[in-house]
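The values are calculated or read from the model by the stated rules, or taken from the named source; none is laboratory data. Since the model is a prediction, treat every value here as computed from it, not as a measurement. Cβ coordinates were reconstructed from backbone atoms using ideal geometry, including for glycine residues, and neighbour counts include every protein chain displayed.
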Amino acid sequence: MKNKLFKKDIAVLECLKSSDVPLGSWNLVEKLENRGMSVSSATIGRILSSLESKGFVKKNGHSGRIITREGLEALSNVKLMDKIKQHSETLEQMVTSTALDDYILVLQARKAIERETARLAAQNITDAELAAMEETLNEQSRRHAAGESIAGNDISFHWAIARASRNKVLEALYLMMFSYGQQTTIFEYIRKQVNAVYMSSHLEVFAALKAHDPCGAEECMMKHMDNLIKDVVCYWDMFYEQDED
């Protein structure tokens, strides 16, 4: 990759970013040594030339180099990717066989509860609630297209259905089931690993609610929950195959 940054490149950019004055090769050698990195002046020179060719640093007269706006953006992107990688690794460590087993049990319980909340919601949902739910789905679609997390929209959608059921006991049971082993970020991670298609099930449920079709809403919700269970089982199979390898 043309603009790929290596560890020493990143260290040099960080030094330039934190400095109030331009830095030359010898200044950077000293600063990197303070970071526990032993790098020669010649190596620093090659790194600076490479970074300059990418537009990440520029000369400031004869006093040294400074980081550019492009360099700051590149450094920010590296930090962001590191955070994403760390988060992904943390999620992967958290998704153990025990957690997956719990997920399936909870999803089965949610299926029993949410088929009924969907049926009742189709009977009781108001136009205002439908409009709010449609906006939630639109936002979910926008966030999905932008590659952003849709976990929050997922919570809003299912909770809105539980509220629209007008059954406080079922709503409380849904919230209890949802909180028990249903961390949305982990679940979202699992579904991404199996390339699950997410929006279609929500849209089908919404269409049945909008049509005030209790049987259709119940059927669509059951199909949705079955797909969620299938995704977890699929990931579980992948998890064990990798473990055996």
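Screening ALA74 with (1) farther than 29 Å from SER201 by Cβ; (2) at pLDDT 90 or above; (3) within 23 Å of the chain's Cα centre (by Cα); (4) of a type in the set (A, V, I, L, M, F, W, C) gives one miss only, at (2). Taken over region 188-217, the criterion of being in contact with a helix residue (DSSP H, G or I) (Cβ under 8 Å, 6 or more places away or on another chain), of a type in the set (D, E, K, R) and under 24 Å from TYR103 (Cβ atoms) is satisfied by GLU188, ARG191, GLU204. Just so you know, in region 111-146 the residues that are more than 19 Å from ASP213 (Cβ to Cβ) and among the hydroxyl-bearing types (Ser, Thr, Tyr) include one that is surrounded by the most Cβ atoms within 10 Å (Cβ to Cβ), and it is THR136. Scanning region 1-46 for residues that are within 33 Å of the chain's Cα centre (by Cα), in a helix (DSSP H, G or I) and without any contact (Cβ under 8 Å) to a residue 60 or more places away in the chain turns up LYS7, LYS8, ASP9, ALA11, VAL12, CYS15, LEU16, LYS17, SER18. For region 48-71, how many residues are within 37 Å of the chain's Cα centre (by Cα) and more than 13 Å from TRP26 (Cα to Cα)? Total meeting the criteria: 16.
Applying the selection to region 23-60, what residues are among the aliphatic types (A, V, I, L, M) and closer than 22 Å to SER76 by Cβ?
Those that are among the aliphatic types (A, V, I, L, M) and closer than 22 Å to SER76 by Cβ: LEU23, LEU28, LEU32, MET37, ILE47, LEU48, LEU51, VAL57.
Only one of SER149, SER141, SER165 is hydroxyl-bearing (Ser, Thr, Tyr) and over 22 Å from the mean Cα position of the chain (by Cα). Can you tell me which?
Working: SER149 fails: over 22 Å from the mean Cα position of the chain (by Cα); SER141 fails: over 22 Å from the mean Cα position of the chain (by Cα).
After ruling out the rest, the residue left standing is SER165.
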